[in-house]
Amino acid sequence: MVSCKNADKKAVEMYADTIFFDYKITGQAGDDNLTVLLQYKYGDEDGKAFAAGDPGKVMLDGEQIPGDSTKRTGPFYEINKPIAGFTGKHSIIFIGADNKEYKEEFEFKPMTLLSTVPENVQRGDLVFELEGLESEDYVRVVLTDTSFIHDGINRVDTVLNGQLIISKTELESLADGPVQLEFIREYERPINNGTEGGGCLQITYSLKREFILKD
């Protein structure tokens, strides 16, 4: 009788040179924790997910992350960390069943809104000052009202030196009344220390505000 664990170990060793590393860090201003979700796949992004296998393991900043699995996603590694204090450099280490080690380092900088958003906003150019971005960066801007007529605003904007502008013309597409504003920074880059299979590190951080839009 062949155990599942032994079969997994052989499969991991077979694909050891073509592992795809799928790393996602997700957080939102106002929440206590962010989520670090790590997954390893055979061959490429669309490959089947697998567990590290004994004696392999996955660690964040030296702390081992327990594995989990669902029918839909397959095996994965997930841990929640307090947003407060997570700013700075971090490392993820994957050790496979073949004992090969892959260390990926990244830096987390939460996006913060320096501008105060008043309770009531008149239609006009809105200028926002953001911190925690590169000198040239990209932020998704989402504005939705409570009407069923308007589609709202959903676009990616270039942010230069922390300044982002929502024009009066754009606000004309929204109905008077309550408006939800969301800024989402979607940072993505290839894995630096991986295999021929490649990989992706994605950091998504958002913040929300609400205001009443008036003429």
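The values are calculated or read from the model by the stated rules, or taken from the named source; none is laboratory data. Quick caveat, the model's predicted, so the values are computed rather than measured. Reconstructed Cβ throughout: ideal geometry from the backbone, glycine too, with neighbour counts over all protein chains shown. Calculation scope for accessible area: heavy atoms of the full protein, side chains included, ligands and nucleic acids excluded. Shrake-Rupley method; radii C 1.70, N 1.55, O 1.52, S 1.80 Å.
A few comments on the model shown:
- With both labels modelled 7 Å from their Cα along Cα-to-Cβ, the GLU131 to SER91 distance reads 3.0 nm.
- Computed on the chain, with alpha-carbon pairs under 8 angstrom and 6+ residues apart, the relative contact order is 23 percent.
- For the chain, diffusion coefficient by Stokes-Einstein and Kirkwood Rh (Cα), 37 °C, 0.692 mPa s, µm²/s: 168 µm²/s
- Note that the range 113-205, at 10 °C in a medium of 1.306 mPa s, gets a Stokes-Einstein diffusion coefficient of 105 µm²/s from its Kirkwood radius over C-alpha pairs.
- When the helices of the chain are scored as -39500 (n - 2.57) per DSSP H run of n ≥ 4 and the total is divided over every residue, the value at 222 nm lands at -2000 deg cm²/dmol.
- The alpha carbon convex hull volume per residue for the range 9-78 rounds to 110 Å³.
- Relative contact order (percent, whole number), the range 95-183, Cα cutoff 8 Å, 6+ residue spacing: 29 percent
- Carbon-plus-sulfur accessible fraction, the chain (probe radius 1.4 Å, protein heavy atoms only): 47%.
- Accessible area per residue in Å² at 1.4 Å probe, computed on the chain: 56 Å²
- Inter-probe distance in nm under a simple model that places probes 7 Å from Cα toward Cβ, at ASP176 and PHE106: 4.5 nm
- Tilt relative to the chain, helix 4-14 - C-alpha long axis, 0 to 90 degrees, to 10: 80 degrees
- Sequence ranges 68-75, 197-204, ranked by mean other-Cβ count within 10 angstrom, highest first: 197-204, 68-75
- Here the alpha carbons of the range 46-142 define both size measures, Rg and Dmax, at 19.8, 62 Å.
- Set of aspartates and glutamates near LYS103 by C-alpha distance (under 20 Å), chain-local residues within fewer than 8 positions excluded: GLU13, ASP17, ASP22, ASP44, GLU45, ASP54, ASP61, GLU63, GLU78, GLU188, GLU196
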